[in-house]
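The values are calculated or read from the model by the stated rules, or taken from the named source; none is laboratory data. All values reported here derive from a predicted model rather than from experimental measurement. Please note: Cβ atoms are built from the backbone with ideal geometry, for glycine as well, and neighbour counts cover all protein chains shown. Protein only, heavy atoms only, side chains kept; ligands, DNA and RNA dropped before computing areas. Shrake-Rupley method; radii C 1.70, N 1.55, O 1.52, S 1.80 Å.
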Amino acid sequence: MILLKKWTKEIEINAPIEQVWKFLDGSVENMQKIMPQVVEQTPVKITEEVVGSVYRQKYREGKRTEEYDIETLEYLNKTNEKKLKVGFILAKMFEITALYELNKINDNRTSFTYTVTSRPLKWFLKLLLVFATDKVVVEFLDRVKKVAEAETSGSE
């Protein structure tokens, strides 16, 4: 039995869709505003259609720095709808996917849906997933909302 844990949360952000998108599909500096633990992101393989691109990411957790490759699994960049799905192996223990979906509500409001899946790669980790909560997902959405809205109000 393969245990897969999945969390999906949605939030409305008072910021234009492009403002929110730049934190997910922009420079490392912009990404660090919503993911402060990301220390570095270097391209390993870049594809023209974006899907299949791989980045090596360094991530600081306390005093430890983890390094892993993140692959772009889905990519959509339209005016009213944007989607980015990435996958990676975390600490050789979990296979993680993160799906970011943005939909334009109007010029100043964006709907952001974040879906995370986690699959243990070792049998003894399955128990950990049973107790895993959506706390990290909720905190991430709140941080994106706060950063995007702060930058939007600051630029008006």
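Note on the chain: semi-axes of the ellipsoid equivalent to its C-alpha gyration tensor, largest first and rounded to whole Å, are 26, 18, 16.
Across every pair of non-identical alpha carbons in the range 1-65, the mean reciprocal distance, once inverted, gives a Kirkwood radius of 14.5 Å. Grab the other residues whose beta carbon is less than 9 angstrom from that of residue 99, score K and R as +1, D and E as -1, and report the net. Every neighbour counted, the sum reads 0.
In terms of packing, defined here as the mean over residues of other Cβ atoms within 10 angstrom, the peptides 59-69, 10-20 line up highest first as 10-20, 59-69. Look at the dipole of the chain built from charges on Cβ: of 55, 116, 153, the Cα furthest out on the positive end belongs to 116. With equal scatterers on the alpha carbons only and no solvent term, can you work out the Debye log10 of I(q)/I(0) for the range 38-127 at 0.15, 0.16, 0.18, 0.23 1/Å? Each listed q corresponds, in turn, to -0.70, -0.78, -0.92, -1.16.
Under 5 Å from the amide H of residue 53 lie the amide H atoms of 47, 72, each residue being 5 or more positions distant or on a separate chain, with H modelled from the backbone and absent for Pro and chain starts. Taking every protein chain into account, the accessible area of the range 1-122 amounts to 57 square angstrom per residue (probe 1.4 Å). Note on the chain: with charges restricted to the Cβ of Lys and Arg (+1) and Asp and Glu (-1), its dipole about the Cα centre is near 700 debye. Remark: for residue pairs 126/146; 22/135; 63/85, the C-alpha separation exceeds 26 Å in 126/146; 63/85.
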